Amino acid sequence: MNGKTYLDEISHSRYDFRYDEDGYFKVDQGLNEDIILEISREKNDPEWMREFRLRSLEQYHRLSVPDWGPDISGLNIDNIVTYVRPKNAGMTPKWSDVPSEIRETFERLGIPQAERESLAGVGAQYDSELVYHNVREEVAAQGVIYTDLESALHGPCAEMIRTHFMHLVPSTDHKFAALHGAVWSGGSFVYVPRGVSVEIPLQSYFRLNAPGAGQFEHTLIIVDEGASLHFIEGCSAPKYNVANLHAGCVELYVEKNAHLRYSTIENWSKNMYNLNTKRAIVREGGVMEWVSGSFGSHVSYLYPTTILAGAKAQMNYTGITFAGAGQNLDTGMKVIHSAPDTASVIHAKSISKSGGISTYRSAVTVNPGAAGSKSTANCESLMLDSDSRSDTIPVMDIRTADADIGHEARIGRISSEAIFYLMSRGLSEEEARTRIVSGFADSVSKELPLEYAVEMNNLIRLEMKGTIG
Amino acid sequence: MDNIQINRIPSPTWNRLGVNHAALTLNAQLLCPARPVMTDGNCRRETPAEFSVPGSAGPAFEQFIASVIPVAEQFSSLPEDTLILRDLMTAGQARRLHLRAARGSRLILLSRYQTSPDPAHLILEEIRILAEPGSHVSVVQILDGDEQDRIVTSLGADAGNGSKIDVTQIVLGGSENYLGGNILLRGTGCSLDAAVNYLCCLDHVLDMNWTVIHSGEKTNSRINAQGILNDRSRKVFRGTIEFLKGASGSVGDETEDVMLLSDEVRNQTVPVILCSEENVQGNHGASIGRLSDELLYYLQSRGPDREDVIRILTAARLLSAIRRIPDEETVRWLRQRLSDEET
C-alpha cells in the first residue's frame, strides 16, 4: 500500500527528428537594428510595421528580464538566430507543393491526416515561415478568413491587422513581448464573420527545426459578434544541445456574444525556452475558453490572459502541466474582470516527477465597476516523488465589494485510501494507481477533440512498475 | 529617514500586482525603548539559545530596529513551568524581544499596541521565539492604534520536537499595520495554529506576511485569517506554506475569509504553497466577497437593520478570537474595548 507510481519519461521519438538545413536562409545570431531591418525586408513589411519593429527593439533593450520566475540565464539572445527561412519555402495552399522534407515532417506528425479527418483548416509553420495554409471550401464560403499573417498584411484585411496587431499585447508589456514585436515572423490570421459558427476546428502547427533558432509566430484571431470558433495550436521541435527560444504571441478578440475555444498541446523539446504570450479580450456576453496542455520545454513562462471587458463576459480555463526531469514549467493564467456580471472558472492541474518543477501562477483581478463578478479557481498538484517540486502562487486582487471570489488549492500525492478502495473492488494495485493518475488528467483531456485527447494520453503514457516501501 | 522593504514574500510574482513586499519610510530618531515587559511566573532574563529564524518583516526591518534597540530583552521560561509576559507598547516605542520556551514549559506572551500622544505615531517590535521540545507557546497580539499610528511587528519562531505554537493577532485600529509570522516547524510532530482577525475602516492599510516552513516530519500548521474591509481600506494577505524535503507526513492548511463592505476597498490575497516533499498535504481555501444577500435577508427578518447586521457580524468575527486567548484579563479588556466601539 505504500508503493509509488512511476511515470516513464514522455517519449519524444515521434517528435525528435530533424533535417539538414542546407540552403536555408538565416539572419546572423543576436539582435540589432540591421537584423531587424533585414527581417523586415524579407517579410516585405509595410512602413508602419518596419517602424513598429524598430520601436519594439528599443523597448527590448529598455526592459529587464523578469526577476520573479524560473531562471533563464541559460538563454543568451546573442546566440539565437531570430529568422530562418527554409529552402524553397513559400506559402502554398497545395500540400503537394510543400518542399518534400518539410512535407515529410508534418506527415510524421500526423497533420495532413488530421486535416482530412477532423479539421476545417490547417496552417503549418516550419522555422520562421508558414509553408502551408488551407481552409475547407465550405468554411471559406461562409466568409471565414484563415491565412498567414504576412499575406493578410498586404490584402483586404490590412487595415484590420494594423488596428489589432499587438494592441492587446503591446511591446511595452514585457521584455519578450518587445522581442516578439521586433522579430515576429509567420503565424496565422483568422477572421470569423458576424453570426458564423465554424463547426469543426481550425489548427495551426508550429515546428522549429533549426538548432539555436527562435520561433516568433504571431496568431491574431477575431471572432465577430455572435460567431464561434475552436482553434487548436500544436507545437514541437527536435532536441538539440543548444538553447532554442519560442517567443510567440497570440491575440484573441472575442466580440459581443461570440465564443472562442483556444486549445494548445505544447510539446516543445527540452532545450526550449518557451516565453510565449497569449491574451484575449472578451466583449459583452462573449465566452473565451482556454484548454492548455504543457508537456515540453526546458523552461516555460506561460499565462494566458483574459480581459473580460463587456458585461456578462465569461472565461473558462482548463490546464494541465506535466514537468519531468530537467523541466521548470511556470504556467497558469490571468483574468481581469473589468465589467459587471463577468465570470471566470479556473481548473488547473499539475504533475511533477523525476526532479521536474511545476509552478502554477495566477492572478484574478476584479476592477472597480465589475459589480456582480464571480470567480472560482481550483488548483490541484500531484507530486510523484520527493525529487520534484510543485508550487502554487495565486494572487487575488479584488477592488469591488459586490464580488464573489473563491479559490481552492491542494498539493499532495496519490491517496492510499483511494488505492485501497479500488483494490477492494478487484483492481490490482498497479491498475488502481494507473487509473488514479489517468483520472487526474482526465478533466483536461475530455475538453479536447478525441484525436487530441488520444495524443495527450500518449504524451502522459503511464507505466506502473511494482512497488517500493 | 530610512526607506526599507518589509514583508517580502518568499516566492515573488508579477511586480505590477504590488504584492511582493511593502515599502516603509522609518525615522529612528523618533523612537525610544518601550517600558520593560511585565512577567508573571519564574523566568531567567537570558536566552542562551541562538535565534536563527528571522522575523516576518525581514532583514531590512531587523537591521533597522537593531539600530534603535541594540540589545534585545531576553526571557526564558523554566522547564515544566509557566511564564506569562505582558507586553504593552505605545506610540513612539520600539522593542526587541527574544523568548525561549524551555522544555515542557508553557509560555504566554500578551502584547498590546496602543496609541499615545507621542508625535511619532509609530510602534515597532521584533519578537523571536525558540520553542524547545514539548513546550507550548501562545502569542496574542492586539493592534489598537489610532488614525495616525503605524505599527510593525515582526515575529519569528523556531519549533522543536512536539512543541506547539499558537498565535492570535487581532487588528482593531491603526492607520497602517504590518504583521505576520515566520515559523520554522523544525522538530518532529510540532505544530502552528495561527489566527488573524481584523477590521479595517477608513483609509487603513493592513499588510500581512505569514510563512510556515515545514521541515520536521509529521508537522502541522493551520493559518486562518478572517476580517472585514470597509470604506477605502486596503489589505494584503501573504500566506506561504512551504514543505521542505523530509517533512514527510506533514499537513498545512490555510484559509481566508474576507467580507467586503465598500466598493472602494482593495483586497489582495496571495496564498502560496511551495512543496518539495511528496508525502504531504497542503490545502488552501479563500472566500472573498460581499455580505451574502441570503444571510442579510435572514438576519434582517429577525429585526435588525442592515447597519445592525454588519455590526453584529463584525463583532462576531473579532470575538471569535477570544476563545483563543489564554488570559482572563486580556479577554475582559478586549470585550470592554469592543463594547466601547459598539457604543
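List of remarks:
- Only Lys, Arg, Asp and Glu carry charge here, each on its Cβ (+1 for the first two, -1 for the last two); on that basis the protein assembly as shown has a dipole of about 1000 debye about its Cα centre.
- The phi-based Karplus calculation (6.51 cos²θ - 1.76 cosθ + 1.60; θ = phi - 60°) puts the 3J(HN,Hα) values of region A:140-152 at 4, 5, 7, x, 6, 9, 9, 8, 6, 5, 5, 4, 4 Hz, whole numbers, x for Gly and Pro.
- If you take the Cα centroid of region A:126-173 and the Cα centroid of region A:283-346, the two points sit 23 Å apart.
- Distance between the pseudo-spin-label points of B:A49 and B:N27 (7 Å out from Cα toward the beta carbon): 3.8 nm.
- Ordering B:L179, B:T90, B:S67 by the projection of their Cα atoms onto the charge dipole of chain B, which places +1 on the Cβ of Lys and Arg and -1 on the Cβ of Asp and Glu, puts B:S67 at the extreme positive end.
- Shown here for region B:294-336: trypsin sites (Lys or Arg not before Pro) in loop regions (DSSP other than H, G, I, E, B) with at most 12 other Cβ atoms within 10 Å, namely B:R302.
- 3J(HN,Hα) from dihedral phi, region A:47-60, Karplus parametrisation 6.51/-1.76/1.60, rounded to Hz, x for glycine, proline: 4, 4, 6, 4, 5, 4, 4, 5, 5, 5, 4, 4, 4, 4
- Neighbour net charge for B:E328 - beta-carbon separation under 14 angstrom, K R +1, D E -1: +2
- Anisotropy class of chain B from Cα gyration tensor, a/c 1.5 cut: rounded
- Per-residue mean of foreign Cβ neighbours for A:355-363 is 2 (Cβ atoms of other chains, 10 Å radius).
- Net length gained if the chain between A:S151 and A:R41 were fully extended (0.36 nm per residue, minus Cα distance): 38.2 nm
- Computed from label points 7 Å out along Cα-Cβ, the spacing between B:D340 and A:N79 is 6.7 nm.
- Neighbouring partner chain Cβ atoms per residue of B:255-263, average, 10 Å criterion: 3
- Within-12-Å neighbourhood charge of B:E277 [Cβ basis; K, R +1; D, E -1]: -1
- Projecting the Cα atoms of A:Y421, A:T264, A:A280 onto the charge dipole of chain A (Cβ charges, centred on the Cα centre) puts A:Y421 farthest toward the positive pole.
- Sorting the segments B:200-210, B:26-36, B:157-167 by their mean number of nearby beta carbons within 10 angstrom, highest to lowest, gives B:157-167, B:200-210, B:26-36.
- Rounded to the nearest 20 debye, dipole of chain B from Cβ charges on Lys, Arg, Asp, Glu: 500 debye
- Per residue of peptide B:10-20, the mean number of Cβ atoms on other chains within 10 Å of the residue Cβ is 5.
- Length-normalised contact order for chain B - Cα pairs under 8 Å, 6+ apart - percent: 11 percent
- In this structure, the pairs whose alpha-carbon distance is over 30 Å, taken from A:K175/A:K312; A:K349/A:K374; A:K278/B:K245; A:K87/A:K334; A:K43/A:K256; A:K349/B:K164, are A:K175/A:K312; A:K278/B:K245; A:K87/A:K334; A:K43/A:K256; A:K349/B:K164.
- Projected label points at B:S301 and B:S320, each 7 Å from Cα along the beta carbon direction, are separated by 2.3 nanometres.
- Residue-count net charge about B:G239 - beta-carbon cut-off 9 Å; Lys, Arg +1, Asp, Glu -1: -1
- Estimated [θ] at 222 nm from DSSP helical runs (n ≥ 4, -39500 (n - 2.57)) normalised by residues in the protein assembly as shown, nearest 500: -5500 deg cm²/dmol
- Cα centroid separation - region B:250-277 against region B:133-159, whole Å: 19 Å
- Residues A:N241 and B:L202, FRET efficiency given R0 of 56 Å [Cβ-Cβ distance, rounded to 0.05]: 0.40
- Cα gyration tensor shape for region A:25-459, rounded if a/c is under 1.5, else prolate or oblate: rounded
- Annotation: the antiparallel percentage among DSSP beta bridges lying fully within chain B is about 5.
No lab work stands behind these numbers, since they all come straight from the coordinates. Every value quoted in this text rests on a predicted model; they were computed, and no experiment measured them. Here Cβ is always computed from backbone atoms with ideal geometry, including for glycine, and neighbour counts include all displayed protein chains.
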